[in-house]
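In what follows, a single structure is set out as structure tokens and then discussed.
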Amino acid sequence: MADAITMTPLAGIAEIRGLGMVLIRADLGRAGDAIAEAAGLALPETGRFTTDGLRWLGWMSPDELLLIVPGSERGRAVADVAGALTGEHALVQDVSDMRCVFDVTGRKPGQVLAKLCPADLETRPRDGLRRTRAAQVACAVWRIDGAETGRGWRLIAFRSVRDYVAQVLAGAAAPGSDLDPR
């Protein structure tokens, strides 16, 4: 479910709710195949994600993945991955309530994030995932391209800074803030 925060000529900002998010910490070299099978997605390469359009598996660090599923599937996803990692030194945790998710779409969504993120996101591959910050907040960012979402970027951060993230995104998309008004 998407809740629009702002829609300007530059970009639209929407908070995405109802996603299930499962944090997976494990030795990916040893347990990667079991995780991929349980998640139903290929193990992503470093700095990348894999998706089937409904589920998403992202590489967050050398021993950390984030599985995003429809909210109704989060309990099953945790059970499946935890079951696949039985006997491994691993952590599988539902972090859905700890995170907030925003989509930045529209005419110039990359420009909105360029104002906030100290990373060249435009050079990222289509399946690239970047951990960075938006203003002063740690976040992860990746491209989205779909019928429902449009083209743009998805940003995930901690829920404790949700209001701040919403405000800085809206400010970066504000009318009159276009860096290249062509």
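The values are calculated or read from the model by the stated rules, or taken from the named source; none is laboratory data. Keep in mind it's a predicted model, so treat the numbers as computed, not measured. In this analysis, Cβ positions are derived from the backbone assuming ideal geometry, glycine residues included, and neighbour counts consider all displayed protein chains.
Residue by residue, here is whether (1) out of contact with any Pro (no Cβ under 8 Å at 6 or more places or on another chain); (2) among the aromatic types (F, W, Y) holds:
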{"residue": "T50", "(1), (2)": "no, no"}
{"residue": "L54", "(1), (2)": "no, no"}
{"residue": "W59", "(1), (2)": "no, yes"}
{"residue": "S72", "(1), (2)": "yes, no"}
{"residue": "E88", "(1), (2)": "yes, no"}
{"residue": "D94", "(1), (2)": "yes, no"}
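Does segment 96-113 contain at least one residue that is among the hydrophobic types (A, V, I, L, M, F, W, C), within 18 Å of the chain's Cα centre (by Cα), surrounded by fewer than 20 Cβ atoms within 10 Å (Cβ to Cβ) and at pLDDT below 95?
no
It is to be established whether one or more residues within segment 83-90 are without any contact (Cβ under 8 Å) to a residue 24 or more places away in the chain and assigned to a loop (DSSP other than H, G, I, E, B). Can you show your working first?
At the first step, the residues of segment 83-90 found to be without any contact (Cβ under 8 Å) to a residue 24 or more places away in the chain are 86-87.
Among the residues that remain, those that are also assigned to a loop (DSSP other than H, G, I, E, B) are: 86-87.
The answer is yes; a qualifying residue exists.
Looking at segment 115-142, which of its residues are touching a Gly at 6+ places or on another chain (Cβ under 8 Å) and either surrounded by fewer than 16 Cβ atoms within 10 Å (Cβ to Cβ) or at pLDDT 95 or above (or both)?
E122, G128, L129, R130, A140, W142 - these are the residues of segment 115-142 that are touching a Gly at 6+ places or on another chain (Cβ under 8 Å) and either surrounded by fewer than 16 Cβ atoms within 10 Å (Cβ to Cβ) or at pLDDT 95 or above (or both).
Quick test for you: out of V92, V112, pick the one residue that is closer than 27 Å to P9 by Cα and aliphatic (A, V, I, L, M).
Values: V92 fails: closer than 27 Å to P9 by Cα.
Only one candidate passes the filter, namely V112.
With respect to M7, determine if the residue is at pLDDT 95 or above, closer than 29 Å to V168 by Cα and of a type outside the set (K, R). Give the derivation first.
Values: at pLDDT 95 or above: no; closer than 29 Å to V168 by Cα: yes; of a type outside the set (K, R): yes.
It is false that M7 is at pLDDT 95 or above, closer than 29 Å to V168 by Cα and of a type outside the set (K, R).
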